[in-house]
Amino acid sequence: MPPIDDANGFRKQRFTDAGGSDYTAIFRSEYSGQDLRRDTAVASETYATAGTQYEYFVIGNDDLTLRRMNARGGRRGGVIGPRDDHVVFWLQQGRLEMHFADRTRIIEPGSPYIASASEAYRFESEETVYNGVHISDAFLRKTAGELGYPMPDGPVLFDQQDERVARREPLRRLLSEVSPTLMDERVRGAMRTALNRRLATVVLDTFPLRDRGDDVPTASRLRDAIAFVEEHARERPSVPAIAAAAGLSERGLQEVFARTLGVTPNGFLRDQRLDEVRRELLRGESPNSVLEVARRWRFTNPSRFATAYRARFGEDPSVTLRAATSQRPDGRSSWRIRQAVAYIENHLDDVCTVADIAAAAGLRPRRLQQLFKEERGTTPTAFLRDLRALRRSGDRS
């Protein structure tokens, strides 16, 4: 697919092995045709072994692009040097090794990972499906300046999201909202720039910057606010108390929650309390009284509680309780998680995404992740991976 260019570098490109694209063509396009020799290249030693099938899709402009790679069979690898953009991506399937100068990271399906523009790394991957966002360093710095965020004069280096923030999936939530518009090649100019800025803002809000001196990144303050709510939800803390715990003004707290989590602090607190009620109902520890559990989490109006619960989980709280207590022969997993486990066991040879598993269990993907962790001590993707590994070891024995 040929690129489509405009004054801001808009392009839409697709590379495939079936279309005759050599694997290194991806990197020649990305790095303005630079020679791929070791001594001069941003990308070098790139390879795809025989039999590798791949499709790489890019759409966006000089400020921000959305990417998708689907690679099957064989292995891919190479060296990526310092570049002009920061990369945030999620693996949906497969495994990726990233070897930096001072560390090695093994990336598996789950939380987003960020690779800072100034860091070089060697990568090796197999059977990978991933989605990514590339944000130019210049655009990120410009967005930070508009937000009033201090940035280092030297390289911008990011830390990974804290687990408390990552499991709320702020960037993935925003991407699901704006991706259909960004994928439309007719969207150019001011509208695309505004959407790009929203994504860059959430990256700055949720990935802490290193080397900030005494300044505490907003991402760390958001983490502290989430932690405070999670730990004190039963007490129903006030917005001023949450803001104080995070070292933010009330207005600053309201703004960061709205733009990164799409909810007010009070709404976030209410959802946390609803989640805790659901956890208790699923454990079946109060089999005769939904209201008993609701009151423990400071829900005093039964009608409003039931309405909020249905809106969040798509079922009445009494239905949750019955499902948890009526079919529990193992004494541990709820009926919905057993449905998820059965689906995984029956699809070991297939592409099996979290969305597929969640649909089989009648849950939203985020709820599936949370309940699986609570009831089985792992994630659906880790459980699937372990079952596949166990079967492979059995096949070899």
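Taken together, the values in this text are just the output of simple stated rules run on the coordinates, not laboratory data. Owing to the predicted nature of the structure, the values given are computational and were not obtained by experimental measurement. Methodologically, a virtual Cβ is constructed for each residue, glycine included, from the backbone with ideal geometry; neighbour enumeration extends over all protein chains shown.
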Inset, instruction - Using a Förster distance of 56 angstrom, determine the FRET efficiency expected from the C-beta separation of residue 241 and residue 104, and round it to 0.05. - result: 0.85
Inset, instruction - Sort 42, 293 so the one with the fewest other Cβ atoms within 10 Å of its own Cβ comes first. - result: 42, 293
Inset, instruction - Counting other beta carbons within 10 Å of each Cβ, put 69, 151 in order, fewest first. - result: 151, 69
Legend entry - Electrostatic dipole magnitude of the chain [Cβ: Lys, Arg +1; Asp, Glu -1; Cα centre; debye, to 20]: 1380 debye
Legend entry - In Hz, Karplus ³J(HN,Hα) per residue of the stretch 150-162 (6.51, -1.76, 1.60; θ = phi - 60°; x = Gly, Pro): x, 10, x, 6, x, x, 8, 10, 9, 8, 6, 4, 5
Inset, instruction - Return 88, 351, 156, 133 ranked ascending by Cβ neighbour count within 10 Å, so the fewest neighbours appear first. - result: 351, 156, 88, 133
Legend entry - 25 °C / 0.890 mPa s Stokes-Einstein diffusion coefficient of the stretch 333-396, Kirkwood radius on C-alpha pairs, µm²/s: 210 µm²/s
Inset, instruction - Please list, in chain and number order, the residues 5+ apart from residue 158 or on another chain whose amide H is under 5 Å from its amide H, with Hs placed from the backbone. - result: 116, 210
Inset, instruction - Run the quick spin-label model on residue 387 and residue 234: label points 7 Å from Cα toward the beta carbon, then report their separation in nm to one decimal. - result: 3.5 nm
Legend entry - Amide H contacts of residue 10 (H built 1.01 Å from N, under 5 Å, at least 5 apart or other chain): 62
Inset, instruction - Measure nothing but the geometry: give the 0 to 90° angle between the long axis through the Cα atoms of 137-147 and the longest principal axis through the Cα atoms of the chain, rounded to 10°. - result: 40 degrees
Inset, instruction - On a 0 to 90° scale, report how tilted helix 317-326 is relative to the longest principal axis of the chain, with both axes built from alpha carbons and the result rounded to the nearest 10. - result: 80 degrees
Legend entry - Dipole magnitude of the stretch 11-206 about its Cα centre (Cβ charges: Lys, Arg +1; Asp, Glu -1), debye to nearest 20: 500 debye
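Decide, for the chain, between rounded, prolate and oblate: order the square roots of the alpha carbon gyration tensor eigenvalues as a ≥ b ≥ c, take rounded if a/c falls under 1.5, and otherwise choose prolate if a/b is larger than b/c, else oblate.
oblate
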Legend entry - Point-to-point label distance, residue 97-residue 194, nm (Cα→Cβ direction, 7 Å offset): 4.7 nm
Legend entry - Computed [θ] at 222 nm, deg cm²/dmol, the chain (DSSP H ≥ 4; -39,500 (n - 2.57); rounded to nearest 500): -14500 deg cm²/dmol
Inset, instruction - Mind jotting down the distance between the C-alpha centroids of the stretch 231-251 and the stretch 94-164, whole Å? - result: 30 Å
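Please state the shape class of the stretch 11-206: rounded when a/c is under 1.5, otherwise prolate if a/b exceeds b/c and oblate if not, all from the C-alpha gyration tensor.
Rounded.
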